[in-house]
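The values are calculated or read from the model by the stated rules, or taken from the named source; none is laboratory data. Just so we're clear, the structure is a prediction, and the values are computed from it rather than from any experiment. Cβ placement follows ideal geometry from the backbone for every residue including glycine, while neighbour counts extend to all protein chains displayed.
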Amino acid sequence: MRRVRDQQAGHTSKMEQSLNFVLLGKKGAGKSSSGNTLLGRDAFKSKKSLKLVTRDVAVESETLDRLQINVYDTPGFCDPEMSEDEIQQMINEKVFQKCESGPCVFLLVIKAESFNQEEKETVEKIEKLLGENHFEKTWILFTKGDELEEENMTIEEFLNEFEPLKKLVEKYDQRYHVFNNKIKSDQCRILLIKMIQRSLGFKASDGGRLQRRIPAIRANTHDQQTFLSFRRLVLIGKTGVGKSATGNTILGQKVFESESGMGSVSHECLEKHTTVSGRTLTVVDTPGFFDTKMKPEQFMKEIARCVYLSSPGPHAFLIVFTVNHRFTDQEVETVDHIEIFFGEEVSKYSIILFTHGDQLEGKSIEKNIEQNSRVRHLVQKCGGRFHIFNNKDQNNRKQVNDLLKMIDTMVEQNGGYYSNQMLEDAQKFRQEQEKWKQKEEEEGKQREGDQGKAIQLTGNNSEFENFLKNYEHRFIFSAFAFGKLDKVALGAAICGLTALIFNPVGPVFVAGVCAGVAVGAAGGYVWDRFLK
């Protein structure tokens, strides 16, 4: 960030928009340290002790991509040397009046340690000071994120252990964030974009000018998706390797049906969402594409659904095998097969994930890889990236955090998530689906019983079907590549699609299909010779 020499935070040049952060909380909560983290420099005095550092409202500023960040550090509540009236008067005069110059965010700073009676009273005093008018602009900012990381604990796990804080976060509609004040990095950018995404009332207060700064902020971020803290993961593998169990381990809850044995539990692609380590995770679980006995039309539909659900593009393809998997040439070609689904360069976004880590019994997974040339070749094709899970120990969050760190590194190297024209089109269809959903929810409120629900299903399915039709030829070839369609069917499909291009309706199309069946062998030869 570039330092703003003019310390008069209330006066912003016409070339820059401003955003005000106001730090409020109990003494010793880490307000000054959080202010330094927001600014990316040591601007406020901060001491690791219970002695109060801030005696007056202090203001410092920085510029982030032509957006001026003004940070107001305030005296701590529950200070025996300062009365509550003094603090409130100081905030009214030196914060509220100046904050009218631009959008304002109130950060209620709380240590991620405990929530005693004094801290509870502090929250109540701050809520009374802010009133209902500022409630929607208030976020809870947890400090001590570094200690959570040392204990391999996420902020979500911490909140689950402390019911009072969990209820407080729920009261604020999940508007919370956690800071590691021992590192500056780009935590301000992460928090800023997260807030603006939640439509923090900025549009109403500044005519939308701040929202228009977002493209510039994103453009100057090396990886937009890293800072947005979204991750879309696709699980791919044979039946029985533990894809669904892996999805449950990643999400920290049982959301996918999973059971041991060789029978396929997942018969269609499903997506589930949750928040893990402060980021929104979407996990797409797939059927065992390589060996399940699905009908060709169902197989093609699930290929399409997998692409559709992972739009606008996956951050990572997790290719799942068991540690004792018997590798054949088919497994070695797994990445090539996935490229048939999604397109080229999938290997740059893939990680080999071994399950049944408990079966290693102290042995090294690296040694297993080194001793098996097929496994070694597959791992090398994925950039040497591999990880191991023990799905019997789903409380072990370290294995999940380590995987997410590996994904973060991969995303940074790739400059974002994987995408192509097909995935971009899928995203457009999904956006249309969301419009349908919102419209139908509004209509459903005016209807009774299940009538509204039936309409919603129709609207949601229609956009997926449109996407499926749009890329039907692509999924036909994908199905053929996996042996789900024979050469006769492929020949019919090729000729039928050709006829459809020249004449979408009428006898020519029908004749094309019939001709395709008749020359199916020729179609198969064309595939083997020129297309395969």
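Looking at segment 191-210, is at least one residue at pLDDT 80 or above and assigned to a helix (DSSP H, G or I)?
First, the residues of segment 191-210 that are at pLDDT 80 or above: 191.
Within this subset, residues satisfying the condition of being assigned to a helix (DSSP H, G or I) are 191.
Yes; the residues of segment 191-210 include at least one that is at pLDDT 80 or above and assigned to a helix (DSSP H, G or I).
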For this session: Could you tell me which residue of segment 373-430 is modelled with the highest pLDDT, considering only residues that are at positive phi and over 18 Å from the mean Cα position of the chain (by Cα)?
Result: GLY384
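A quick yes/no check of all residues on (1) of a type outside the set (A, V, I, L, M, F, W, C); (2) under 25 Å from CYS306 (Cβ atoms):
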{"position": "GLU344", "(1), (2)": "yes, yes"}
{"position": "TYR349", "(1), (2)": "yes, yes"}
{"position": "PHE386", "(1), (2)": "no, yes"}
{"position": "GLN394", "(1), (2)": "yes, yes"}
{"position": "ARG397", "(1), (2)": "yes, no"}
{"position": "LEU404", "(1), (2)": "no, yes"}
{"position": "MET410", "(1), (2)": "no, yes"}
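Mind telling me which of the residues ASN395, ASN391, ASN324, ASN368 ends up being farther than 28 Å from ILE155 by Cα and outside any helix (DSSP H, G or I)? Full working, then the answer.
On the way: ASN395 fails: farther than 28 Å from ILE155 by Cα; ASN391 fails: farther than 28 Å from ILE155 by Cα; ASN368 fails: outside any helix (DSSP H, G or I).
Only one candidate passes the filter, namely ASN324.
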For this session: Just one of (1) free of Cβ contacts under 8 Å to residues at least 12 places away in the same chain; (2) of a type outside the set (S, T, N, Q); (3) surrounded by 20 or more Cβ atoms within 10 Å (Cβ to Cβ) trips up LEU378, so point out which.
Result: (1)
Exercise. Right, THR221: of a type in the set (S, T, N, Q), within 30 Å of PHE44 (Cα to Cα) and either at pLDDT 80 or above or surrounded by fewer than 20 Cβ atoms within 10 Å (Cβ to Cβ) (or both) or not?
Worked result: yes
For this session: Select from segment 79-120 the residues that are β-branched (Val, Ile, Thr) and at pLDDT below 85 and list them in ascending order.
Result: ILE87, ILE91, VAL95
For this session: Those residues that are modelled with pLDDT of 75 or more and surrounded by fewer than 17 Cβ atoms within 10 Å (Cβ to Cβ), I need them from segment 340-356; list them, please.
Result: GLU345, LYS348
For this session: Determine if segment 410-424 includes at least one residue that is polar (S, T, N, Q), assigned to a loop (DSSP other than H, G, I, E, B) and in the same structural domain as VAL241 (by TED's automatic domain parsing).
Result: no
For this session: Scan GLN298, GLN330, GLN359 and give me the residue that is in contact with a strand residue (DSSP E or B) (Cβ under 9 Å, 6 or more places away or on another chain), surrounded by fewer than 21 Cβ atoms within 10 Å (Cβ to Cβ) and either on the phi > 0 side of the Ramachandran plot or not in a loop (DSSP other than H, G, I, E, B) (or both).
Result: GLN359
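Quick one: would you say SER311 is in a helix (DSSP H, G or I) and either under 20 Å from GLU412 (Cα atoms) or under 19 Å from the mean Cα position of the chain (by Cα) (or both)? Walk me through how you get there before you give the answer.
On the way: in a helix (DSSP H, G or I): no; either under 20 Å from GLU412 (Cα atoms) or under 19 Å from the mean Cα position of the chain (by Cα) (or both): yes.
So SER311 does not fit the description; no.
Name the residue, out of GLY263, GLY247, GLY237, GLY252, that is out of contact with any Ser or Thr (no Cβ under 6 Å at 6 or more places or on another chain), farther than 24 Å from MET153 by Cα, small (Gly, Ala, Ser) and at pLDDT 85 or above.
Working: GLY263 fails: at pLDDT 85 or above; GLY247 fails: farther than 24 Å from MET153 by Cα; GLY252 fails: farther than 24 Å from MET153 by Cα.
Just a single option satisfies the conditions, and that option is GLY237.
Inside segment 166-190, can you point out the residues that are assigned to a helix (DSSP H, G or I) and either more than 19 Å from ARG279 (Cβ to Cβ) or in contact with a strand residue (DSSP E or B) (Cβ under 9 Å, 6 or more places away or on another chain) (or both)? Walk me through it before giving the result.
So the first thing to find is which residues in segment 166-190 are assigned to a helix (DSSP H, G or I), and the list is 166-171, 187-190.
Correct list: LYS167, LEU168, VAL169, GLU170, LYS171, GLN187, CYS188, ARG189, ILE190.
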For this session: Could you list, in sequence order, all residues of segment 335-366 that are closer than 19 Å to VAL241 by Cβ and of a type in the set (Val, Ile, Thr)?
Result: VAL335, ILE338, VAL346, ILE351, ILE352, THR355, ILE365
